[in-house]
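The values are calculated or read from the model by the stated rules, or taken from the named source; none is laboratory data. Please read these numbers as outputs of a predicted model, since none were measured by experiment. Glycine also receives a Cβ, built like all others from the backbone with ideal geometry; neighbour counts cover every protein chain displayed. In case anyone asks, the SASA skips ligands and DNA or RNA and just uses the protein heavy atoms, side chains included. Shrake-Rupley method; radii C 1.70, N 1.55, O 1.52, S 1.80 Å.
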Amino acid sequence: MALFLLWILAGAQSPQAQNQLANQKAPSLREPPYWAFAIKPADLASDAPQKPPDPTPRHVPKSEAAFTLAQTTDLFTPPDWHPEDHPGMPEIVSRGRSPEVFACGYCHLPNGQGRPENSSLAGLPAAYIVEQLADFKNGLRKSSDPRHGPTAAMIKYETKANEKEIQAAAEYFSALKPRPWIRVVEADTVPKTQVGGWMLVVSEGGETEPIGERIIETPENLERTELRDDHSRFVAYVPVGSIKKGEVLVTGGSSKALRCATCHGSGLRGKDKVPALAGRSPSYIVRQLYDIQSGARTGVAVHPMKPVVTKLTIDDMAAIAAYTASLNP
């Protein structure tokens, strides 16, 4: 289930520190950064008859499994290319409950690593996962851009899971060990990309362009990613110098942020009920910071984050995300 971080970058704060940050003037919030939200273009209507899917079985490296294209897009029976990597999946993770609840393993993958358009769940505290689904259900977790399909699907479908199903999924994903998943590269120039499937994909033609102040997170191997191979990783191109800038913000070296490790633990690998930040999708981290600052995400759990993100610009958010993504999970 797309159960996302709420306590991103929260530090232990005295009342005086909270008030000081809360009184800081917030920057003018720009439109949601397209590169983080990656809104899928509306499909163009076509009168042409749809071709049946190619029935040829597909294969991926280091797997004996074979799935057709139709099987790799089944929301209720997602492909499990590497079953030896994880314990047996609960029914709600492997099959969902048709037609009301999609299989959690479809979006977040059987190993819980997730993709840029949703969240990695591997290793998150079970209680945190349960809490986040409750926030989705109670209207406390939304997207700043209502067109963001993965968030809308969480609210429409996954909130229909019952208490037993939610607990089973939470315990399953919590028991998984997160693994290195994103290669972070500082660069001035990046491949040209376009939105495809709620994430950025490299455009045909091999052209490049300046990165500007963006993060370009894209599959290392698009074909394997489209087949939902949970061994196929991602690369995130970030502006030169952004990792160091993010480190300064995260470790309390700036007036804009506090020491995130106080709540998120040593190495930002999580502590108690507070989730890890290390090694997670930078696109995801930016979306959550933006959503908290914009007010799209509210509730008691978000309250400590509001003063932390008040003065962050989108460039600051990108730097923070670049740094956290560069850490080993």
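Summary table
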| read-out | value |
| --- | --- |
| Any hit, the stretch 220-228, residues being open to solvent by less than 10 Å² (accessible area, probe 1.4 Å), farther than 23 Å from VAL309 by Cα and among the β-branched types (Val, Ile, Thr) | yes |
| Pairs with Cβ under 6 Å, 6+ apart, first in the stretch 248-263 and part of a strand (DSSP E or B), second open to solvent by 30 Å² or more (accessible area, probe 1.4 Å) | ARG259/GLY252 |
| Residue within the stretch 113-127 that is basic (Lys, Arg), more than 18 Å from VAL286 (Cα to Cα) and touching a residue at least 24 places away in the same chain (Cβ under 8 Å) present | no |
| Near pairs, Cβ below 9 angstrom, 6+ apart or cross-chain, from the stretch 84-101 (in contact (Cβ under 8 Å) with a residue 12 or more places away in the chain) to any residue that is of a type in the set (Val, Ile, Thr) and assigned to a loop (DSSP other than H, G, I, E, B) | SER94/THR77; ARG95/THR77; GLY96/THR77 |
| Lone qualifier among ARG228, ARG224 - being in a loop (DSSP other than H, G, I, E, B) and of a type in the set (Lys, Arg) | ARG228 |
| Cβ-Cβ under 9 Å pairs, at least 6 apart or on other chains, the stretch 160-173 side at pLDDT 95 or above, far side open to solvent by 100 Å² or more (accessible area, probe 1.4 Å) and not β-branched (Val, Ile, Thr) | LYS160/LYS137; GLU165/GLU91; ALA168/GLU91 |
| Extreme residue, most open to solvent (accessible area, probe 1.4 Å), among residues of the stretch 147-178 that are out of contact with any Gly (no Cβ under 8 Å at 6 or more places or on another chain) and in a loop (DSSP other than H, G, I, E, B) | ARG147 |
| Residues of the stretch 293-308 classified as under 18 Å from the mean Cα position of the chain (by Cα) and buried (at least 24 other Cβ atoms within 10 Å of the Cβ), total | 1 |
| Check on THR73, out of contact with any Lys or Arg (no Cβ under 8 Å at 6 or more places or on another chain), β-branched (Val, Ile, Thr) and open to solvent by 30 Å² or more (accessible area, probe 1.4 Å) | yes |
